[in-house]
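The values are calculated or read from the model by the stated rules, or taken from the named source; none is laboratory data. Quick caveat, the model's predicted, so the values are computed rather than measured. Here the Cβ positions follow ideal geometry from the backbone for every residue, glycine too, while neighbour counts run over all protein chains shown. Accessible surface areas use protein heavy atoms only, side chains included; no ligands, DNA or RNA. Shrake-Rupley method; radii C 1.70, N 1.55, O 1.52, S 1.80 Å.
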Amino acid sequence: MKSAIICTGPTGVGKSEFAIQYALTQAPCYLADLDVLNPYFRPREVYAWLLERGVTVIGNNTGNSTNADLPGLSGDVGSYIGRGDKVVVDLAGSIAGTHPLTLFQEVLDRCEVWLVINLMRDESSIDEARTFILDLKHQGLNVTGLIHNTHLLDQTEIELLRKANYEVEEFSKQVNIPIIFTMLDARFMVDLRHEINSTILAVDSWVMRKEWMKGDSR
């Protein structure tokens, strides 16, 4: 697996949450906050908390301020990727959302591209995911892995997860793209760990849903 990972997908599928949860497992590492479409649930909102845990947020020149609606992108992300650092990139999908890729176009071949799927979002249905993969390919971005992240937060039920897991596993076979991780609320681990064929990233607590952590950026 390459040391640089680009996490992308439609708004609301949980890209930022996955990017944070995965980065925490890779610490010490860098987390590039390049989602220019969604002003909410950004890694820079928990900059200090992440830094304490070995994850340094990079990719903007606003001092990781939570007050700006859009990050002021800087061109340093490519240098981290180019020298082989562990970098997780939180990148919005769509043509507009992938514009920040121009910051490190010359090192894209050193990156894995993971598409986050949440079947509870209309923009992330199986059909939409198929279209999304093709759209990204037309932009020169080949998806190398799927991240399954179907959930309804506290309202998630186990049968919902079973059904979604089956659908995403079948989709993975159809498009010949492996499921790299299934992000799963830890409370379902005992019941589902033997039913899910991909690696499970168990989540004890959803970082971007903790209101008391917001606004600690410098």
Would you kindly find the accessible area of residue 1, with a 1.4 Å probe and non-protein molecules such as ligands, DNA and RNA excluded, rounding to the nearest 10 Å²? 150 Å²
Report, in degrees rounded to the nearest 10, the 0 to 90 angle that the Cα long axis of helix 158-175 makes with the longest principal axis of the chain. 70 degrees
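Could you work out [θ]222 nm for the chain from helices alone, using -39500 (n - 2.57) per DSSP H run of at least four and dividing by all its residues? Round to the nearest 500 deg cm²/dmol.
On the way: 7 runs with 63 residues, N = 218.
After summing the helix terms and dividing by residue count, I get -8000 deg cm²/dmol.
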If packing is taken as the mean number of other Cβ atoms within 10 Å per residue, what is the order of 160-168, 28-36, highest first? 28-36, 160-168
Once you charge only the Cβ atoms, +1 for Lys and Arg and -1 for Asp and Glu, what is the size of the charge dipole of the chain about its Cα centre, to the nearest 20 debye? 480 debye
Taking a point 7 angstrom from the Cα of residue 170 along the C-beta vector, which residues in the stretch 103-127 have backbone N less than 13 Å away? 126-127
Each label point is 7 Å from the Cα along the Cα-to-Cβ direction; what then is the distance between the points at residue 99 and residue 122, in nm? 2.6 nm
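Leaving out ligands, DNA and RNA, and with a 1.4 Å probe, what % of the accessible surface on the chain is carbon or sulfur? The partial results should precede the final answer.
Numbers: 5070 of 10230 Å².
Carbon and sulfur: 50 percent of the exposed surface of the chain.
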I'd like the orientation of helix 15-26 relative to the chain: the angle between its Cα long axis and the longest Cα principal axis, in ° from 0 to 90, rounded to 10. 80 degrees
Helix 126-138: angle to the longest alpha-carbon principal axis of the chain, degrees 0 to 90, nearest 10? 40 degrees
Length-normalised contact order of the chain, Cα under 8 Å, at least 6 apart, in percent, tallies to 26 percent
